[in-house]
Amino acid sequence: MTNKIDLAIVGGGPHALTLVTHLLQKRPGMRNRFLVFDPNSRWMYQWQQQFAALEIPHLRSPAVHHPDPDPYGLRRFAESRPNELFSPYDLPGTQLFWDFCNDTIKRWQLEDKFVQTAITSIGVIDQKKEKKDNFPQRYRRYKFCLQHSNGEETIARRVVLATGGGSVNLPDWVAQIPPNYPPDRLLHSQQIDLRSLNSAGEKIAGEKILVIGGGLTCGHLAVGAMNKGAKVMLMYRRRLQEKLFDADPGWLGPKYLKGFFHQDWFTRFRLIQSARNGGSLTPAIMLQLNRRQREGKLEIYQECQIVKASWQGDRWQVLCDDGNHYECDRIWLSTGTRLDALNHPLLREIFANFPTEMIHGLPVLDSHLRIPGLPLFLMGGLAALQVGPVARNLSGARMASQKIVDGLIQA
């Protein structure tokens, strides 16, 4: 079965929701011209599951950052729930934010715009080869065929990819481990659900868990494990950083972005890496970690990098670059994701047929976040060269939406 639509949005998370509300605010007539495709059962499902799995109590972004076009909408929504805005800067509680997003979906009447299906490929159709018509705008020459996992397909004139796009980043030493260990004893943070631990199936109380990383996810994993009775070793290849936000608030406006947009692509990439600087811990999490360290429940090893790990008997034996050996029951990798547009499953074929300049895996997009020559827009981290260091965040979703909406209106 083949369906046709003007605009297909792939991904149903906070970026897609932000884009849709901003689009309808400027162009209400677009309501019947787009659909959102996501393999999960409802809007924001994956976001909600990730926060619940890590038992994250509140967001890192202040209450002005959310999917609705009205920056003060969440504050008004929280007037009867003031205890769910955390200091400093009114950080919304996870449940509060989830409820507000559901309210946003209802207010904008977006329930029927969500289609539960996995998009397995995006093919480009060259209309000039099919017809003899003149194409006054280059973006009208192409349309797209989206293949669904159930065998159906959707033909779309324009596509926005809002899926995140990162692949799990694993340290090099992981590939060298002999495969003789129980799979549940070495996990990436995306595979861990703290809610299931110490349940009928899996007990971690009394175990020693090695958590590797230096970002906020690492902190949540360490705290969550200790709350369930485990002892934790936290290991990071650099020094732990304490910061309120992922990147300095100056990256949300002209203070830093004005200069950023005057730089060449390679300099922009370096500025993005420098601004995020490999992850950081909030003061609140750092306070908890320091307290647990004083209580003897946590050991912190900084500027320490694993060179070898092996499963011997029923425990991990770990060797670090400083020559020290450690033992633990589990290893949890909070090593983030890696963005590489050339290896993105939905973009690999497109970039093979439409060569695009790449800067360390990030594509050089036009000012509306389109792949040059195609009406295919990118959101999230893949758009960082045109959005800045906060491209992955809620604030980045708003910035990207403004650029994309302008491009959709013009095309």
**Message:** If R₀ is 30 angstrom, what is the calculated FRET efficiency for the pair Thr120 and Phe261, using the beta carbon separation as r and rounding to 0.05?
**Reply:** 0.25
**Request:** Using θ = phi - 60° and the Karplus relation 6.51 cos²θ - 1.76 cosθ + 1.60, list the HN-Hα couplings for region 367-377 in order, rounded to whole Hz, with x at every Gly or Pro.
**Result:** 5, 9, 6, 8, 5, x, x, 10, x, 10, 9
**Prompt:** Can you pull the Kirkwood radius for region 1-132, inverse mean 1/r over Cα pairs, to one decimal in Å?
**Reply:** 16.4 Å
**Asked** Counting only protein heavy atoms and using a 1.4 Å probe, what share of the accessible area of the chain belongs to carbon plus sulfur, as a whole percent?
**Response** 48 percent
**Item:** Mean shadow area of region 73-197 over all directions, Cα convex hull, nm²
**Value:** 15.6 nm²
**Request:** Please determine, in degrees from 0 to 90 and to the nearest 10, the orientation of helix 216-227 with respect to the longest principal axis defined by the Cα atoms of the chain, where the helix direction is its Cα long axis.
**Result:** 40 degrees
**Request:** Name the residues whose placed amide hydrogens come within less than 5 Å of the amide hydrogen of Leu281, ignoring near sequence neighbours (fewer than 5 apart) on the same chain.
**Result:** Gln241, Glu242, Lys243
**Asked** How would you rank 271-280, 24-33, 368-377, 332-341, highest first, on the average number of other Cβ atoms within 10 Å across their residues?
**Response** 368-377, 332-341, 271-280, 24-33
**Prompt:** Given a 1.4 Å probe, how much area per residue of the chain is accessible, in Å²?
**Reply:** 46 Å²
**Fill in**
By the Cα gyration tensor axes a ≥ b ≥ c (a/c under 1.5 gives rounded; else a/b larger than b/c gives prolate, otherwise oblate), the shape of region 145-225 is prolate
**Item:** Share, in percent, of DSSP beta bridges within the chain that are antiparallel, nearest 5
**Value:** 45 percent
**Message:** Semi-axes of the equivalent ellipsoid for the chain, please: Cα gyration tensor eigenvalues, times 5, square-rooted, ordered largest first, whole Å.
**Reply:** 39, 25, 21
**Prompt:** Given Gly219, Ala247, Met233, which one lies farthest toward the positive end of the charge dipole of region 209-255, if we put +1 on the Cβ of every Lys and Arg and -1 on the Cβ of every Asp and Glu?
**Reply:** Met233
**Request:** Using only Cα atoms, figure out Rg for region 337-405 and give it as a multiple of 2.2 N^0.38 Å.
**Result:** 1.02
**Prompt:** Net charge near Phe77, counting Lys/Arg +1 and Asp/Glu -1 over other residues with Cβ under 14 Å of its Cβ?
**Reply:** -2
**Complete:** Net charge (Lys, Arg +1; Asp, Glu -1) of residues whose beta-carbon lies under 11 Å from that of Leu187, Leu187 excluded, is 0
**Request:** Based solely on C-alpha atoms, express the radius of gyration and the Dmax of region 216-268 in angstrom.
**Result:** 17.4, 51
**Asked** Hey, what do the phi angles of region 306-321 turn into as Karplus ³J(HN,Hα) couplings, whole Hz, using 6.51/-1.76/1.60 and θ = phi - 60°, x for Gly and Pro?
**Response** 6, 10, 7, 9, 8, 8, 10, x, 10, 9, 7, 10, 10, 10, 9, 5
**Asked** Can you list residues whose amide H is under 5 Å from Val160's amide H, if they're 5+ apart or on another chain and H is modeled 1.01 Å from N?
**Response** Ala8, Ile9, Val10, Phe377
**Prompt:** About its Cα centre, what dipole magnitude does the chain give when the only charges are +1 on Lys and Arg Cβ and -1 on Asp and Glu Cβ, stated in debye to the nearest 20?
**Reply:** 1040 debye
**Asked** Which ³J(HN,Hα) values, rounded to whole Hz and listed in residue order, are derived for region 324-334 from phi using the Karplus coefficients 6.51, -1.76 and 1.60 in 6.51 cos²θ - 1.76 cosθ + 1.60 with θ = phi - 60°, glycine and proline given as x?
**Response** 7, 10, 9, 10, 7, 8, 9, 10, 10, 9, 9
**Asked** Long-range amide H contacts for Leu110: which residues qualify at under 5 Å (H placed 1.01 Å from N, peptide plane, sequence gap of 5 or more or a different chain)?
**Response** none
**Prompt:** Using the Cβ atoms and a cut-off under 11 Å, what net charge is assigned to the surroundings of Phe351, where Lys and Arg are +1 and Asp and Glu are -1?
**Reply:** -2
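The values are calculated or read from the model by the stated rules, or taken from the named source; none is laboratory data. In this text, all values refer to a predicted model and were calculated from it rather than measured experimentally. Positions of Cβ are backbone-derived with ideal geometry, glycine not excepted, and every protein chain shown enters the neighbour counts. Surface accessibility is based on the protein's heavy atoms, side chains included, excluding ligands, DNA and RNA. Shrake-Rupley method; radii C 1.70, N 1.55, O 1.52, S 1.80 Å.
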